[in-house]
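To start, the structure itself, in structure tokens.
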Amino acid sequence: MLANVVLDELDWTLERRGLRFARYADDCQIMVASQRAGQRVMDSVTRFVEESLRLTVNARKSAVDRPWNRKFLGFTLNRKTKGLQVAKTAMAKLKDKLRELSRRTRGHRLHSIVEELRESLLGWKAYFGIAEVLSPLRELDKWLRRRLRCYQWKLWGSAGYRELRKRGVSVREAWNVSKSAHGPWRISRTPALSLAMPATYFNRLGLPCLAPARPT
């Protein structure tokens, strides 16, 4: 709130100069047409902020660069399409959160895990849902479903063969998977587990998707 009060003067100055910009609290992006113009604007804005407003510009976080090399409020621009994309740091932070909620040692029922994931995913999607580049989100959806298959396979334990057969997996496939020497993460990628727990299975459990599937 204090930043918005003080930096109103910065907004007025940028508007008088005819510059295109976006600011949220103390985070500001100014768009110009060239590297040379960018350096000139950065120098003059830095002087204004430090001399007129008596604030300090964080030189470590400030730069003149291409928009796809910068992030703003968790977003960046895609270099090819110029569409709005969730920044890699925001994606990594979400992935860490999902990894923690779906770790195999928790021992809760899958339904309970999905409920916790649902709360986090819906909140995240409410903010980042305006993203236009969806392929990274689809990959994260696939990764999370694989995590949950891995989690459920671990919970089934010795009953894995029987559970696969109940879900339509052939005798041969269920037997091969249940007797496999591979660990749960490797097994979670097998066609047998994808058949037993397809995307629609997780939809029915209430797991939100970050991005719609590609049209076929």
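Observations
- Residue within region 90-106 that is on the phi > 0 side of the Ramachandran plot and loosely packed, with under 14 Cβ neighbours inside 10 Å present: no
- Some residue of region 144-165 being touching an Asp or Glu at 6+ places or on another chain (Cβ under 8 Å), part of a helix (DSSP H, G or I), aromatic (F, W, Y) and over 17 Å from L98 (Cα atoms): yes
- Count - residues of region 1-20 that are outside any helix (DSSP H, G or I) and open to solvent by less than 40 Å² (accessible area, probe 1.4 Å): 1
- Candidate set: region 21-56, residues that are touching a strand residue (DSSP E or B) at 6+ places or on another chain (Cβ under 6 Å) and exposed (fewer than 13 other Cβ atoms within 10 Å of the Cβ); chosen: the one farthest from E9 (Cα to Cα): M31
- Test for V64: is it assigned to a helix (DSSP H, G or I), in contact (Cβ under 8 Å) with a residue 12 or more places away in the chain and either farther than 30 Å from K154 by Cβ or open to solvent by less than 70 Å² (accessible area, probe 1.4 Å) (or both): no
- Residues that are outside any helix (DSSP H, G or I) and charged (D, E, K, R) within region 104-137 comprise R109, E132, listed in sequence order.
- For N69, the conditions (1) under 18 Å from the mean Cα position of the chain (by Cα); (2) in contact (Cβ under 8 Å) with a residue 12 or more places away in the chain all hold with the exception of (2).
- Residue within region 107-119 that is open to solvent by 30 Å² or more (accessible area, probe 1.4 Å) and under 23 Å from G83 (Cα atoms) present: no
- Restricting A126, A131, A211 to residues that are within 21 Å of the chain's Cα centre (by Cα), closer than 20 Å to K97 by Cα and modelled with pLDDT under 95 narrows the list to A211.
The values are calculated or read from the model by the stated rules, or taken from the named source; none is laboratory data. Model, not experiment: these values are computed from the prediction. Every residue, glycine as well, gets a Cβ built from its backbone with ideal geometry; the counts of neighbours run over all protein chains shown. When the accessible area is computed, the model is the full protein with side chains, heavy atoms only, and any ligands, DNA or RNA have been set aside. Shrake-Rupley method; radii C 1.70, N 1.55, O 1.52, S 1.80 Å.
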